[in-house]
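This report refers to the structure that appears directly beneath it.
The values are calculated or read from the model by the stated rules, or taken from the named source; none is laboratory data. All values derive from a computational prediction rather than experimental measurement. A quick note on method: Cβ atoms are made from the backbone with ideal geometry, for glycine too, and the neighbour counts reach across all protein chains shown. The protein model used for the area step is the full one, side chains on, heavy atoms only, and it has no ligands, DNA or RNA in it. Shrake-Rupley method; radii C 1.70, N 1.55, O 1.52, S 1.80 Å.
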Amino acid sequence: SSSGRPEPALGLGMLERRVQLGQVMQLAAQSDADFTVLMGDFNVWTGSAAFRPLIERGFSMSRVRSFPTRVLPLFALDRILVRGDFTRTEYSRYDGGNVATASDHFPVVADLRY
């Protein structure tokens, strides 16, 4: 990097995940958009405490169990976080078709009404 500091690696290590999530939260917190949607496989096993800074800034978060696909999903690793004046926000898991052969995570879906 031009600052002389090494860029954090994208990875699954605890420190890497913490740094990555912190960067995402910083960017989202700076947004002044009327609505913001963040989504992805955050690989956060520890629950919603990691997302507390975004929840405190008005984000709502999916808590749909999406991992693993090989058995009944037990963990909500894939999250959708939204902020804005939505009249309705519903989250669900898509488990149709051949999803389990495509990934070890089920897709999470958000139905948002603005």
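Things to note:
- Number of the exception - Asp78 against (1) open to solvent by 30 Å² or more (accessible area, probe 1.4 Å); (2) under 21 Å from Gly13 (Cβ atoms): (1)
- Only one of Glu7, Glu16 that is open to solvent by less than 70 Å² (accessible area, probe 1.4 Å), at pLDDT below 90 and of a type in the set (Asp, Glu): Glu16
- Qualifying residue in the stretch 89-104 (condition: of a type in the set (Lys, Arg) and at pLDDT below 90): no
Results for (1) within 17 Å of Asp111 (Cα to Cα); (2) modelled with pLDDT of 80 or more; (3) open to solvent by 80 Å² or more (accessible area, probe 1.4 Å), shown as yes or no for each residue.
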residue: Ser3; (1), (2), (3): no, no, no
residue: Phe35; (1), (2), (3): yes, yes, yes
residue: Leu38; (1), (2), (3): yes, yes, no
residue: Phe67; (1), (2), (3): no, yes, no
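- Residue count for the stretch 50-65, restricted to those that are open to solvent by 50 Å² or more (accessible area, probe 1.4 Å) and within 13 Å of the chain's Cα centre (by Cα): 4
Condition check ((1) in contact (Cβ under 8 Å) with a residue 40 or more places away in the chain; (2) in contact with a Gly (Cβ under 6 Å, 6 or more places away or on another chain); (3) exposed (fewer than 14 other Cβ atoms within 10 Å of the Cβ)) across all residues:
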residue: Leu72; (1), (2), (3): no, no, yes
residue: Tyr94; (1), (2), (3): no, no, yes
residue: Val99; (1), (2), (3): no, no, no
residue: Pro107; (1), (2), (3): yes, no, no
residue: Tyr114; (1), (2), (3): yes, no, yes
